[in-house]
Amino acid sequence: MKQVRFAVVGGGMGKSHIKGISEIPEATLTAFCDIDEKIAKTVAEANGLDKYYTDYYEMLRDGGFDCIVLCTPDQIHREQCVAALEMGYHVLCEKPLALNMDDCRAIDAAAKASKGKFMVGQICRKTPGFIKAKELIDAGKIGDIFFIESEYAHDYAHIVSPWRWDTKNLRPAITGGGCHAVDLIRWLAGDPIEVMAYSNHKVLLDKPVDDCTVAILKFNDNVIGKVFCSIGCKRNYTMRTLIYGTKGTIICDNRSASIQLFEMGNLDENGHEKYEPVQYPVDINHHNATGEIKDMCDIILGDLPVTITAAEGSNTVAVCEAILKSCAEGTPVSPEYIV
Ligand SMILES: NC(=O)c1ccc[n+]([C@@H]2O[C@H](COP(=O)([O-])OP(=O)(O)OC[C@H]3O[C@@H](n4cnc5c(N)ncnc54)[C@H](O)[C@@H]3O)[C@@H](O)[C@H]2O)c1
């Protein structure tokens, strides 16, 4: 069986990707790098590697792998992606692609010029409940979407990783974590043409960014939507998402064992719609790194088109950037998409 040799960079989310690599027969881990030597050594040893790297560029020079999985701080995605792509490596980069459109444009240009395949890890597109929702929408089960809303509600109060709270290179909540909900909306309903947004900072007062954001989205064909992002909320993590169509409604999230479809045509004795939801069972897998690794192997070995390109990742950041601009200026803003 042909193999794809992977190098993983970063020992936080990187561990999920290493597990994903171990679960895919066509994938082999051949290198690991973390700037923190203790992490680099521990992870390498735990995975049977006889060498570890603390210097990304030394690892690039040594080679011995086909695809790099970047699980490093968002602020350095640009330099690490561009360096790998210029050397012709395939790259799977964690989301968000970057924290601003300047960085995204540089990565997109490098990806377009490289012989390497480049994918962004927008994981909601690999989450079973959301895949099922998309299947139902594409099959016409809810008719035409007229309203969509998604939330990213995740309490970051105890998340300590310093790069998330870097005051010199801010990681806005809507781009850092909220990009999941923005990307999911784009995947299910298309690109918003205008956003109007507000944010506040009332919970994580020791952190340097607004912790709550809400944006109203306007799409073509008079479709509207809403995204909500809170990293200070006092509840369990959820990405509850509602998709309202002219014939039905889907309610789903990333942490439940089923999604709900409400359809028309089921009348009660008074001739009114009953709207009892059909439950579709789904696996709970809100970080399906194995699915991403499998996708990457299929794309590389089959020379297939990339499913979540640098442009796709960039355009999710474009919406986040428009939301931030709208919050700052108090006016509607159109995202600046790239093609
Ligand atoms: N898909 C998801 O749901 C999800 C969830 C969490 C984080 N992420 C993304 O994954 C990426 C990593 O986040 P994390 O939670 O694993 O962070 P983390 O802080 O837990 O881990 C990052 C690791 O990168 C290492 N590192 C930093 N600079 C480096 C460099 N120059 N070279 C090599 N290693 C370096 C750090 O030492 C650290 O071990 C980010 O892009 C983040 O947004 C995605």
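Within the straight-line cut-off of under 13 Å between alpha carbons, the aspartates and glutamates reachable from Lys218 are Glu149, Asp191, Glu194, sequence neighbours fewer than 8 places apart in one chain being disregarded. Cross-link reach is defined here as a Cα-Cα straight distance under 27 Å, omitting same-chain residues fewer than 8 places apart; for Lys294 the lysines meeting it are Lys2, Lys15, Lys19, Lys41, Lys51, Lys95, Lys112, Lys115, Lys117, Lys126, Lys132, Lys134. Estimated from helices alone, the mean residue ellipticity of the chain at 222 nm is -9500 deg cm²/dmol (sum of -39500 (n - 2.57) over DSSP H runs with n ≥ 4, per residue).
Less than 5 angstrom separates the built amide H of Lys247 from those of Gly143, Asp144, all sequence-distant by 5 or more or on a different chain. When the charge dipole of the chain is built from unit charges on Cβ atoms (+1 for Lys and Arg, -1 for Asp and Glu) and taken about the Cα centre, the candidate among Ile148, Val317, Asn288 whose Cα reaches farthest toward its positive end is Asn288. The charge dipole of the chain, taken about its Cα centre with unit charges on the Cβ of Lys, Arg, Asp and Glu (plus for the first two, minus for the last two), comes to roughly 300 debye. Note on the stretch 225-339: Cα-only Rg and Dmax are 19.4, 58 Å.
Each of the peptides 27-40, 323-336, 92-105 was scored by the mean count of other Cβ atoms within 10 Å over its residues; in descending order, highest first, they stand as 92-105, 27-40, 323-336.
To the nearest ten degrees, helix 310-329 and the longest principal axis of the Cα atoms of the chain are 60 degrees apart. Between Glu79 and Ala139, the contour length at 0.36 nm per residue exceeds the Cα-Cα span by 17.5 nm.
Could you state the angle between the C-alpha long axis of helix 128-138 and the longest principal axis of the C-alpha atoms of the chain, as a value from 0 to 90 degrees rounded to the nearest 10? Roughly 50 degrees between the two axes. Expressed to the nearest 5 percent, the antiparallel share of DSSP beta bridges inside the chain is 55 percent.
Values in this text are rule-based calculations from the coordinates and carry no lab data. Quantities reported herein were computed from a predicted structural model and do not represent experimental measurements. Ideal geometry is used to build each Cβ from the backbone, glycine not excepted, and the neighbour counts take in all protein chains shown.
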